[in-house]
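K.L.:
Please read through the structure below; I'll follow up with questions.
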2 protein chains.
Amino acid sequence: MLFVLSILSWLMCQVVLSPVPQNGIFQYINDHQDEYVQRLKDWVAVESDSSDPEKRDLVNHMMQLTKDFIVKLGGKVEMVELGEQEHPSGKKIILPPVILAEIGNDPNKPTVCFYGHVDVQSAKKEDGWLTEPYTVVEKDGNLYGRGTSDDKGQILALLHAVEAVNTIGIPVNVKFIIEGMEEVGSDGLDKLVEDKKDTFLSNVDYIVVTDTPWLSKKPGITYGARGNCYFILEVQGARRDLHSGGFGGTVYEAMSDLIYLLDTLVDVKGHILIPGIYDAVAPLNEKEIKLYKELEFNLKDLEADTGISKFLHDTKEELLLYRWRYPSLSIHGIEGAFSGTGTKTVIPAKVIGKFSIRQVPNMNPSVVEKQVADYLQSKFAERKSPNKINVTMVIGAKPWLADMNEPQYLAARKAVKRVFNTDADMIRAGGTIPIAKNFEEVLGKSVMLLGIGGPDDAAHGQNEKISKFNYIEGTKLYAAFLQELASI
Amino acid sequence: MLFVLSILSWLMCQVVLSPVPQNGIFQYINDHQDEYVQRLKDWVAVESDSSDPEKRDLVNHMMQLTKDFIVKLGGKVEMVELGEQEHPSGKKIILPPVILAEIGNDPNKPTVCFYGHVDVQSAKKEDGWLTEPYTVVEKDGNLYGRGTSDDKGQILALLHAVEAVNTIGIPVNVKFIIEGMEEVGSDGLDKLVEDKKDTFLSNVDYIVVTDTPWLSKKPGITYGARGNCYFILEVQGARRDLHSGGFGGTVYEAMSDLIYLLDTLVDVKGHILIPGIYDAVAPLNEKEIKLYKELEFNLKDLEADTGISKFLHDTKEELLLYRWRYPSLSIHGIEGAFSGTGTKTVIPAKVIGKFSIRQVPNMNPSVVEKQVADYLQSKFAERKSPNKINVTMVIGAKPWLADMNEPQYLAARKAVKRVFNTDADMIRAGGTIPIAKNFEEVLGKSVMLLGIGGPDDAAHGQNEKISKFNYIEGTKLYAAFLQELASI
């Protein structure tokens, strides 16, 4: 496959760039869309699955292809080596390099740094794909294939936008951080950002993450994400597992204690029962409620997707408020008890409950940690069981919230209006985006998520796709964004 | 190994039987103890692990050794083939034959049928054995090795007792059912008992199971066992697993519902909260309480064994009443949720709680089934969750309780008194002994468990052993039992 890919790489270098006038950039993009689709096909064909050590050469090859294309666009590229990783199998393997690149270096222009990745999740036809995952297939207006949406398609749209705008001269300084380990936790990236904050990243004014979907078919700009406090609640009973025949009815069972404790955390309506947990939640204002009401979101689509006929909230705005704007608590499972199929009459000696709290501004993980531990200890004391418990917070990722009136947000909103003739949906993520919070904290600069994925792209699932509309109009969106950012 | 075993088998046949007077039977046993230990060594050396298809030949060889020895004792032996089993691996393998044997056939004498087995649980040195599991090592008065207690040692003690008593003529008719699949569920045995009830088993007056431990160092006779109703409680939420970032706070989580339901089953003190569950429990009388008070049982030993410093009950008799005489409910685990190590932020779509109720006379599994289902359905209705639940009882094994004043019990108690100069502990099993209930139901005859294992023999664990005292005095116990049964 590598030989074939080398030929494809050579072919890509034969693209002829022709200058176009500024008002003709959208036309330029329209004229080049077949070429854009072809490049997406070439990139998707590289099976850059970062989870598989056997495919590490392909990830490296993908990094090289990306570098070559940025060089072709006139960029200056550094490939930063990150050293080794220890794979879960115990094998030590070399991490793929991270691309640090720049196009333009004018101190009088603002500098925007885009972050994205060219590695992908694993995909196999037998997982339930209708097409070969690494062969892009165009059908009913969609481009199917692993990485079309997450994130090769989004990175290519951005690079094509830079290429198009550059035909008349790029109006801002553009930097890129493009990695090959995002799908398995971005090994080494935090440290790289820290290391480069006084050099490569010192003059960056804005950070844009180009790895995110919209909420609906309407373009969305993401300005916040919930944090996550993940807890491990351990209950220790006997020294060894016991048999329910010989011991049932005679011992304080660790599993009963754990079930009791887990049942004190959240009620049927999703209300968290831990005292004080809602105290720090930023109050909701009228302006925000209005924002939520204006969002394009259809509950029926969500019902069809999940098979759920009744959600905790009946209106679109309530559901989204509880997805993005309020904390939630989910119980994920229990380690140490019988979890297989069939039957086993064990009284487990030590059981570990796993639950997490998605928190929102202005909650603080260390406060949450204390609230949870104090509450569980007091509930357990009420129970008067002689077993031992231990509460540990193993993840304490902070929520992230940007000011949507920062210049880059205004530029992005203007760009959406120009390309799609509609206002952008200002959206948040219910999950956690550690990279956004990390960029913000380390660099102290405004971070924005401007992606072009659709809400139903199945980024990590079977039959991943991006619509051709999103891919091509998304290219225009990035082009317009670069222009708007220069004039704001 | 087979060649070596054949030589051993040949050596065994060279045992010279010498007649002894009746009052000298105990002396005869004392005189032959080295030979008994040697035969145990020979039998343990055969790795008759019934769980391993690769060792099936060794199980068959063990059946053959057993047959040869019974023939040597003057027994008439039939090897009944049971056909094939489907191993969990999918492989079809031939089941070992079951030995049906008899010594004596005098219509004027009572007939006692002993049941036991000569297959063993798997054992490997690296599991934590201090000695080679299949090489009997004598140390500090114990004989260590897999099967020394469960059940080769007990079967051999019985056969040696028959041999000893037979030197002066056996006073009762003796039959044997000896199998090679007990440790993996006695495949085919129930059907065999059913098939033979009008032929081989038609004239059996008493059934004695020789595969059971004592409660303490004092000899015990087992006259009852709890049953088991095993439940599967399924809660279905969404059609697929969801991510707690995207859905936490917006959906009725199946896991919360399951935790809530499991928490309604039993309180911290082990009291079952299901209405009516205690209604059928046979009332306790003064005589029974006295029986429990007289039992030899040390809570400190149990504490040392389990690492538990506080049990649900503070006295020996209360603890044993709740182990044997009252129902208990244990929650074993949850299938379908996250049960691995580490963290995963899943909202599981479908989760299955597993719990079981050990029931006692006069509880009825079908009544228990209805009580549990009705209760859970009503508790779930109170919760007003839109998720779906399903309650299924997948095992409904009845409790077993014999009349301890039946002749075979009286004979066994007299035998204990004669050999050990103490009254027998009349004990029950907290677990389930399906074979006892099955013999009782199919044959309509009195069943008794008369074993000679010690309470700390680690029957299924590492470093299994039988004390030499139990092995040799146990041989006398069986000999005395045969004599007492004849004279009762």
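The values are calculated or read from the model by the stated rules, or taken from the named source; none is laboratory data. The shown structure was predicted, so the numbers you read here are calculated from the model rather than taken from an experiment. Neighbour counts are summed over all protein chains in view; Cβ atoms, including those assigned to glycine, are modelled from backbone coordinates with ideal geometry. Remember, those area values only see protein heavy atoms, side chains included, never the ligands or the DNA or RNA. Shrake-Rupley method; radii C 1.70, N 1.55, O 1.52, S 1.80 Å.
K.L.:
Limited to the range A:154-171, what total is found for residues that are within 15 Å of the chain's Cα centre (by Cα) and closer than 14 Å to A:S467 by Cβ?
P.N.:
1
K.L.:
Do you know which residues across the range A:168-185 are in contact with a Pro (Cβ under 8 Å, 6 or more places away or on another chain) and open to solvent by less than 60 Å² (accessible area, probe 1.4 Å)?
P.N.:
Once the filter is applied, which keeps residues that are in contact with a Pro (Cβ under 8 Å, 6 or more places away or on another chain) and open to solvent by less than 60 Å² (accessible area, probe 1.4 Å), the range A:168-185 yields A:V172, A:N173, A:E179, A:G180, A:M181.
K.L.:
Additional query: Say we look at the range B:210-224 and pick out the residues that are in a loop (DSSP other than H, G, I, E, B) and hydrophobic (A, V, I, L, M, F, W, C); which of these is nearest to B:E86 (Cα to Cα)?
P.N.:
The extreme case among them is B:W214.
K.L.:
Continuing with this model, one more query. Consider A:T264 carefully, then state whether it is crowded, with 23+ Cβ neighbours inside 10 Å and either of a type in the set (K, R) or within 13 Å of another protein chain (Cβ to nearest Cβ) (or both).
P.N.:
Here the answer is no, as A:T264 does not meet what is asked.
K.L.:
Identify, from the list B:V80, B:V71, the residue that is farther than 22 Å from B:Q121 by Cβ, in contact with a Pro (Cβ under 6 Å, 6 or more places away or on another chain) and either open to solvent by less than 30 Å² (accessible area, probe 1.4 Å) or among the hydrophobic types (A, V, I, L, M, F, W, C) (or both).
P.N.:
Checking each option against the conditions leaves just B:V80.
K.L.:
For A:S328, all conditions in the list (1) out of contact with any His (no Cβ under 9 Å at 6 or more places or on another chain); (2) more than 7 Å from chain B (Cβ to nearest Cβ); (3) closer than 21 Å to A:P455 by Cβ hold save one; what is the number of the exception?
P.N.:
All conditions are met except number (2).
K.L.:
Being more than 22 Å from B:L261 (Cβ to Cβ), in contact with an Asp or Glu (Cβ under 8 Å, 6 or more places away or on another chain) and in the same structural domain as A:V368 (by TED's automatic domain parsing), is that true of even one residue in the range A:341-356?
P.N.:
yes
K.L.:
Okay, moving on. What number of residues within the range B:154-167 satisfy the criterion of being in contact with a helix residue (DSSP H, G or I) (Cβ under 6 Å, 6 or more places away or on another chain) and either under 12 Å from B:Y28 (Cα atoms) or surrounded by fewer than 24 Cβ atoms within 10 Å (Cβ to Cβ) (or both)?
P.N.:
The total comes to 4.
K.L.:
Hey, A:E286 hits all of (1) under 29 Å from B:E234 (Cβ atoms); (2) open to solvent by 10 Å² or more (accessible area, probe 1.4 Å) but one; which does it fall short on?
P.N.:
Every listed condition holds for A:E286 apart from (1).
K.L.:
Taking A:L82, is it in a loop (DSSP other than H, G, I, E, B) and either at negative phi or assigned by TED's automatic domain parsing to the domain that holds A:H160 (or both)?
P.N.:
Yes: the conditions hold for A:L82.
So that you can scan it fast, the table gives a plain yes or no per residue for (1) in the same structural domain as A:I221 (by TED's automatic domain parsing); (2) open to solvent by less than 30 Å² (accessible area, probe 1.4 Å):
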{"site": "A:V360", "(1), (2)": "no, yes"}
{"site": "A:M393", "(1), (2)": "no, no"}
{"site": "A:M404", "(1), (2)": "yes, no"}
{"site": "A:T422", "(1), (2)": "yes, no"}
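K.L.:
If you go through the range A:253-310, how many residues are part of a helix (DSSP H, G or I) and not assigned by TED's automatic domain parsing to the domain that holds A:K350?
P.N.:
The number of residues fulfilling the criteria is 17.
K.L.:
Please give the number of the condition B:G431 fails out of (1) at pLDDT 95 or above; (2) within 30 Å of B:I472 (Cα to Cα).
P.N.:
In the conditions (1) at pLDDT 95 or above; (2) within 30 Å of B:I472 (Cα to Cα), B:G431 misses (1) alone.
K.L.:
Only one of A:K414, A:K384, A:K388, A:K379 is free of Cβ contacts under 8 Å to residues at least 24 places away in the same chain and either farther than 24 Å from A:K269 by Cα or open to solvent by less than 60 Å² (accessible area, probe 1.4 Å) (or both); which?
P.N.:
A:K384
K.L.:
Within the group A:D140, A:D205, A:D195, which residue is open to solvent by 40 Å² or more (accessible area, probe 1.4 Å), more than 14 Å from chain B (Cβ to nearest Cβ) and on the phi > 0 side of the Ramachandran plot?
P.N.:
Answer to the check: A:D140.
K.L.:
Quick one: would you say B:G245 is out of contact with any Pro (no Cβ under 9 Å at 6 or more places or on another chain), outside the structural domain of B:V112 (by TED's automatic domain parsing), not hydrophobic (A, V, I, L, M, F, W, C) and not in a loop (DSSP other than H, G, I, E, B)?
P.N.:
yes
K.L.:
Looking at the range A:336-354 only, could you name the residues that are open to solvent by 40 Å² or more (accessible area, probe 1.4 Å) and at the interface with chain B (Cβ under 7 Å from one of its Cβ atoms)?
P.N.:
If the condition is that a residue be open to solvent by 40 Å² or more (accessible area, probe 1.4 Å) and at the interface with chain B (Cβ under 7 Å from one of its Cβ atoms), then A:S339, A:T341, A:T343, A:K344 are the ones that fit.
K.L.:
Further, regarding this structure: Give just the number: which of (1) open to solvent by 30 Å² or more (accessible area, probe 1.4 Å); (2) at pLDDT 50 or above does A:L11 not satisfy?
P.N.:
Of (1) open to solvent by 30 Å² or more (accessible area, probe 1.4 Å); (2) at pLDDT 50 or above, only one is false for A:L11: (2).
So that you can scan it fast, the table gives a plain yes or no per residue for (1) in a loop (DSSP other than H, G, I, E, B); (2) among the β-branched types (V, I, T):
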| residue | (1), (2) |
| --- | --- |
| A:T148 | yes, yes |
| A:I155 | no, yes |
| A:L158 | no, no |
| A:V165 | no, yes |
| A:G169 | yes, no |
| A:V174 | no, yes |
| A:I178 | no, yes |
| A:E183 | no, no |
| A:S186 | yes, no |
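K.L.:
Here's another thing I want to ask about it. Which is over 14 Å from B:L401 (Cβ atoms), within 14 Å of the chain's Cα centre (by Cα) and crowded, with 24+ Cβ neighbours inside 10 Å, of B:I452, B:I433?
P.N.:
B:I452
K.L.:
Do you know which of the residues in the range A:218-232 that are more than 7 Å from chain B (Cβ to nearest Cβ) and among the aromatic types (F, W, Y) is nearest to A:T422 (Cα to Cα)?
P.N.:
Residue satisfying both the conditions and the ranking: A:Y223.
K.L.:
How many residues are touching a His at 6+ places or on another chain (Cβ under 8 Å) and hydrophobic (A, V, I, L, M, F, W, C) if we restrict to the range B:343-357?
P.N.:
Residues that pass the stated criteria total 3.
K.L.:
In the range A:105-120, which residues are more than 25 Å from A:S48 (Cβ to Cβ) and either among the β-branched types (V, I, T) or not assigned by TED's automatic domain parsing to the domain that holds A:P53 (or both)?
P.N.:
The answer is A:T111, A:V112.
K.L.:
Scan the range B:188-209 for residues that are over 16 Å from B:V112 (Cα atoms), of a type outside the set (D, E) and not in a loop (DSSP other than H, G, I, E, B) and jot them down.
P.N.:
Residues satisfying the conditions are B:L189, B:K191, B:L192.
K.L.:
Sticking with this one: Within the range A:294-316, take every residue that is within 12 Å of chain B (Cβ to nearest Cβ) and of a type in the set (A, V, I, L, M, F, W, C) and give me the one that is surrounded by the fewest Cβ atoms within 10 Å (Cβ to Cβ).
P.N.:
That would be A:A304.
K.L.:
Give the residue, chosen from A:V251, A:V235, that is of a type outside the set (D, E, K, R) and within 7 Å of chain B (Cβ to nearest Cβ).
P.N.:
When all the criteria are applied, what remains is A:V251.
K.L.:
A further question follows. Kindly provide the set of residues from the range A:236-261 that are closer than 30 Å to A:I357 by Cβ and open to solvent by less than 10 Å² (accessible area, probe 1.4 Å), ordered by number.
P.N.:
A:A254, A:M255, A:D257, A:L258, A:I259, A:L261, listed by residue number.
K.L.:
Tell me whether the range A:189-207 contains one or more residues that are of a type outside the set (K, R), under 19 Å from A:G474 (Cα atoms) and touching a residue at least 60 places away in the same chain (Cβ under 8 Å).
P.N.:
Within the range A:189-207, one or more residues are of a type outside the set (K, R), under 19 Å from A:G474 (Cα atoms) and touching a residue at least 60 places away in the same chain (Cβ under 8 Å).
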